[in-house]
Amino acid sequence: MGNLPNDFASLASNEKILIRKLKIIEILKVAIFLNMCKLIALMFLIAKREWVCPFCFMKKNIPIRIEVTRGNLVESIHHVHAIVVDSIGTVVARWGNPELQIFPRSSIKPIQALPLVESGAVEHFSITEEEIALVCASHSSQPRHVKAIRALLKRLGCSEQDLKCGPHWPIDEETKNAMLQSGQILSPIHNNCSGKHSGFLATSRYMGEGIQDYLSINHPSQKRARRAIALMSDCDFTSMGQGVDGCGIPVYGMTLSAMALGLARMADPSRFDSIRETAIKKIVTSMAKYPFMVAGYKRFDTIAMTECKGLFVCKSGAEGVYAVILPTLGFGAALKAEDGASRATEVAVTAVLNHLCVVERSIAERINCHFPPSIKNTKGEVVGYIRACF
């Protein structure tokens, strides 16, 4: 009887241990249940071919937030919609609205170049890889760009006046200032789209078509370009918007996801016949080998492709549109800033590539060394930054 209190104490202690164990079991049950919910949700997304990161799938409809800071204050905000897909349309990653209707603008130039390369005009006119890159370009009208276009036009039997894109001052400020100082006459050749227009002229010349109205929506050159975009992106233009691009050619609305699909098929053309597959590889290789011709000095496209040495091909477009072709992964990425700000998409592109582990941090830093996402005052002092927030 003298040991009874000790027995009670032992029972009480065992009961406390049992209660703690039961609580732990309940906590584990809840944790397992929550993880199962996440797994089921993830499987549902995969089944719908809408894969996103399992840790952030609840945020999949939120665009990439681009913050512009000054001091310790966020002064401005841009929102960038982005989607990455493979060549069958499986979504690899997405931010914002993938079904956003856009005009792809100059970002679609690599696909518009397909009829030129497929037609036989490249071989007939001895068009080089450097010139193919220029056909896909929004160039800065620097001397190297202008010289190459003049040489191509000469081989086509065309003049600068055959270009119907209209003139504008070079994007490159140094080239513009040099032209102003020398009194050089502005010509359509200085239009950043003159390479693309030279491509239309080359194909039309080779096919024996008239070139006076090559910008017309009913001209064979524009029908070929439209057909190429439609087949690459599985896009039906009948229900989409239509307009005229800055250089005068017809432009067709499409969803951001359709644009990404077309780009993914540029990255992985294995589904196509040998003629198209060869043409796609030639275009992508040309752009990767000659990044200067795609844009120019101090331009993001040129800097990014030069630093990444063929890991991807990228192409900017007006109003904050951006295209990325990833041959090593077979992916295509399409981005669009809601407010049309190119400074937002340029920062978002690097962030997306980082997110996909395509670009090492050291490479991203090198890109930023040439093209820093920073805000400077008139004395050259850094007073703020442009940063991506997922």
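No value in this document is a laboratory result; all are computed from the given coordinates. Because the structure is predicted, anything quoted here is derived from the model rather than measured. Reconstructed Cβ throughout: ideal geometry from the backbone, glycine too, with neighbour counts over all protein chains shown.
Could you order peptides 237-249, 326-338 by the average number of other Cβ atoms within 10 Å of their residues, highest first?
Values: 237-249: 14.5, 326-338: 23.8.
Put in order of decreasing packing, that is 326-338, 237-249.
Hand me the trypsin sites (Lys or Arg not before Pro) from the range 233-292 located in a DSSP loop with no more than 12 other Cβ atoms within 10 Å, in residue order please.
On the way: sites: 265, 271, 276, 281, 282, 289; in loops: 271.
Taking the range 233-292 and a limit of 12 other Cβ atoms within 10 Å, the loop trypsin sites (Lys or Arg not before Pro) found are 271.
Taking only the C-alpha atoms of the range 118-258, Rg followed by Dmax gives 15.8, 49 Å.
So, by mean Cβ neighbours within 10 angstrom, what's the order for 149-158, 67-76 with the highest one leading?
Values: 149-158: 17.1, 67-76: 13.0.
Those peptides, ordered most packed to least, come out 149-158, 67-76.
Length gained on full extension, residue 209 to residue 272: 20.0 nm, using 0.36 nm per residue less the C-alpha separation. This ranking places 172, 301 by how few other beta-carbon atoms lie within 10 Å of each, fewest first, which gives 172, 301.
Shown in residue order for the range 162-169 are the 3J(HN,Hα) couplings computed by the Karplus curve 6.51 cos²θ - 1.76 cosθ + 1.60 at θ = phi - 60°: 6, 6, 9, 7, x, x, 8, 5 Hz (x for Gly and Pro). Ordering 176, 298, 376 from the fewest to the most neighbouring beta carbons within 10 Å gives 376, 298, 176.
Between residue 238 and residue 62, the C-beta separation translates, for a Förster distance of 41 Å, into a calculated FRET efficiency of about 0.85.
What whole-number value in cubic angstrom gives the convex hull volume per residue for the C-alpha atoms of the range 79-389? Mind showing how you got there, number by number?
Working: hull volume 38.6 nm³, N = 311.
Roughly 124 Å³ of hull volume per residue.
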